[in-house]
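What follows is a short report on a single structure.
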Amino acid sequence: MNRPAPVENRPAPPVNRPALVENRPVNNESINGGGRNIGNHDYGRAGTAVVDNRGNARPNVHVNVNVYHTNGRPAYRPYAYHPFHPYIWGPRWHPVGFFIASLAADAYLFSLANQQYYYDDGVYYEPYQGGYQAVAAPVGALVSFLPPGYETVPLGDDTFYYYGGTFYVAADQGYQVVQAPPGAIVSEIPDGATQQDINGQTYLVYNSTYYQPVSSDGQDAYQVVQVQ
């Protein structure tokens, strides 16, 4: 008689799959998970505000931040005019000056230099006429995560992070807002930038920062420059 062979119930071997990592606040951490520290910077100084998931920031002090160096004068790329194509970092990103009636429920409230701000997905807001207006990122603010799509910008021995027209450096508790470093090259400039022609060259200006059109590795790019 043809009998079916007995089936032995053995557990399947385990599959080594990487765990999914969600880049959002966990427990009492503030806005990003990152604890990277690049270079010989001193981040433990006055002027920083760490925002936690309860909307608190500490401390409330005056801003006095200069946490990067570029080891001498920055190297500027040759001017290379190309048309400006404004860039938008997703549906929740808004340029400086944009008014919105309400913020998302997970927006973070913090205070820096006696001024209240809200941080939401890479954009900073101030209360304005019953709503909220997007403003320039306050130098010295420290957030714990950057939204997907940020750009890593090497400059000399330093590393910067760029998102939505704002530059950051890595800090022990996240990312700290710094002034735009001259010589830094980025691939996109936000919607809301204006064009200025100075001495026969065209510059793009966003949040008082001047960008010069250049070519980087054969691609259109923009370099932060100082214009007198």
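The values are calculated or read from the model by the stated rules, or taken from the named source; none is laboratory data. What you see is a predicted model, and the numbers here were worked out from it, not measured in a lab. With ideal geometry, Cβ positions are generated from the backbone for all residues, glycine too; neighbour counts draw on all protein chains shown.
Looking only at residues in segment 97-108 that are over 11 Å from Tyr132 (Cβ atoms) and either in contact with a strand residue (DSSP E or B) (Cβ under 8 Å, 6 or more places away or on another chain) or modelled with pLDDT under 90 (or both), which one is surrounded by the most Cβ atoms within 10 Å (Cβ to Cβ)?
Start the filter on segment 97-108 by keeping residues that are over 11 Å from Tyr132 (Cβ atoms), which leaves 97, 105-106, 108.
This time we only want the ones that are either in contact with a strand residue (DSSP E or B) (Cβ under 8 Å, 6 or more places away or on another chain) or modelled with pLDDT under 90 (or both), so: 97, 106, 108.
On the way: Gly97: 11, Asp106: 12, Tyr108: 21.
Among them, the one singled out is Tyr108.
Please give the number of the condition Gly140 fails out of (1) closer than 27 Å to Tyr81 by Cα; (2) of a type outside the set (D, E, K, R); (3) buried (at least 20 other Cβ atoms within 10 Å of the Cβ).
(1)
For residues that are among the small types (Gly, Ala, Ser) and under 21 Å from Gly122 (Cα atoms), scanning just segment 175-220, find the one that is surrounded by the fewest Cβ atoms within 10 Å (Cβ to Cβ).
Restricting to residues being among the small types (Gly, Ala, Ser) and under 21 Å from Gly122 (Cα atoms), the top hit is Ser208.
Among the numbered criteria (1) free of Cβ contacts under 8 Å to residues at least 24 places away in the same chain; (2) of a type outside the set (A, V, I, L, M, F, W, C); (3) over 16 Å from Phe167 (Cα atoms), which single criterion is violated by Thr202?
(1)
In segment 144-159, what count of residues is obtained for those that are over 9 Å from the mean Cα position of the chain (by Cα), in contact (Cβ under 8 Å) with a residue 60 or more places away in the chain and at negative phi?
Here the count works out to 6.
Yes/no per residue for (1) in contact with a strand residue (DSSP E or B) (Cβ under 9 Å, 6 or more places away or on another chain); (2) closer than 21 Å to Pro78 by Cα; (3) outside any loop (DSSP other than H, G, I, E, B):
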position: Phe160; (1), (2), (3): yes, no, yes
position: Tyr168; (1), (2), (3): yes, no, yes
position: Val177; (1), (2), (3): yes, no, yes
position: Pro182; (1), (2), (3): yes, yes, no
position: Glu188; (1), (2), (3): yes, yes, no
position: Gly192; (1), (2), (3): yes, no, no
position: Gln195; (1), (2), (3): yes, yes, yes
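Say whether the condition of being at pLDDT 95 or above, aliphatic (A, V, I, L, M) and buried (at least 20 other Cβ atoms within 10 Å of the Cβ) is met by at least one residue in segment 109-118.
no
Do we have any residue at all in segment 145-154 that's in a strand (DSSP E or B) and surrounded by 23 or more Cβ atoms within 10 Å (Cβ to Cβ)?
Taking every residue of segment 145-154 in turn, none turns out to be in a strand (DSSP E or B) and surrounded by 23 or more Cβ atoms within 10 Å (Cβ to Cβ).
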